[in-house]
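Report on the following structure.
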Amino acid sequence: MLRMIFGEEPRKDEGLLKDAMNAMDKYLVYLRQEIAKDGDPNHRYRQLEIWTVGLKTSLDELEQSLYVADRFADRVTKAYQAEMSENELDDYYRHVYFYKNGFIRVFSILDKVGNVVDDALFLETEKIKQRFSFFTVLRNMEHKKVAQGLFNRLAVIKEEYRLPLQHLRKRRNTEIHHMNTEMQDDLWQRHRSLKEKLKLENIDEHMEDLRQGFVAVCRILVEIFAYLERERAVRPKPKRHVTRRRKST
């Protein structure tokens, strides 16, 4: 969709993005088959279907944000805002907009897929933490020893992308809870010297973190949905055990 900004054709999914989309599509086929069987009276499959469709949309938005942020970053050639023309400054702020949208999407996707795993495997992570993250779900999987093969693969991905995800999380938290990342950078530099020109943050490093975050998200989605589709992993909620009183004689 956003490639039209640059006069380009719509994206054709390939590589990890295609793998992740295909994994979610296969799981959706399974869920819809189960819904068709009995109408899903408890809405277990329908809820997972809605979350999975939402994840596909969010992944699409992440890829588009990454692509557009990268394209606008290529147009920024100056290291200082004061040296930029009006057009280059506009391109810089466009880059910042889509870059922010990108790293926010990374953690939005992780939170959503954490909900899917928690619900599909009936982990009850909310008993540990009411508002939990994907990483809390991982710890709960380890604690309960549920789907250990899946947990091991996800733990490897988490460790492999630990640094870029840490960088992105810090910027996400700053953006949401404190002030804009570029404003914080400006204030820090002004504190150092009021006489110096303001140098931009390292755009290349930031974009590399976002690219790595995108790859991590795709790999996580592939592992999770391949497992859920393969194992048909939607566990019914356990029935409460009711102790019947004996009739008095």
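If you look at just the Cα atoms of segment 2-231, how large are its Rg and its Dmax in Å?
So, for segment 2-231, Rg and Dmax equal 20.2, 72 Å respectively.
Starting from the amide H of Leu123, placed 1.01 Å from N in the peptide plane, find each other amide H under 5 Å away whose residue is 5 or more places distant or on another chain.
Correct list: empty.
Putting +1 on Lys and Arg Cβ atoms and -1 on Asp and Glu Cβ atoms, find which of Val53, Ala155, Ile5 reaches farthest to the positive end of the dipole of segment 2-231.
Ala155
Per residue of segment 57-74, in order, report the coupling 6.51 cos²θ - 1.76 cosθ + 1.60 (Karplus, θ = phi - 60°) as ³J(HN,Hα) in whole Hz, putting x for Gly and Pro.
5, 5, 5, 4, 5, 5, 4, 5, 5, 4, 4, 5, 4, 5, 5, 6, 4, 5
For segment 140-151, just list the computed ³J(HN,Hα) in residue order, Karplus coefficients 6.51, -1.76 and 1.60, θ = phi - 60°, integers in Hz, with x standing in for Gly and Pro.
After applying 6.51 cos²θ - 1.76 cosθ + 1.60, I find 5, 4, 5, 5, 8, 6, 9, 6, 4, x, 5, 4 Hz.
Taking amide H atoms as placed 1.01 Å from N in the peptide plane, list the residues 5 or more away in sequence, or in a different chain, whose amide H sits under 5 Å from that of Asp13.
So Asp13 has HN proximity to no qualifying residue.
Output wanted: per-residue J couplings in Hz (rounded whole) for segment 220-232, from phi through Karplus 6.51 cos²θ - 1.76 cosθ + 1.60, θ = phi - 60°, x for Gly and Pro.
4, 5, 4, 4, 5, 6, 5, 5, 4, 6, 5, 8, 6
Any read-out appearing in this document is the output of simple, stated calculations on the displayed coordinates, not a laboratory observation. Please read these numbers as outputs of a predicted model, since none were measured by experiment. When we count neighbours, we look across all protein chains shown, and the Cβ atoms used for this are built from the backbone with ideal geometry, even at glycine.
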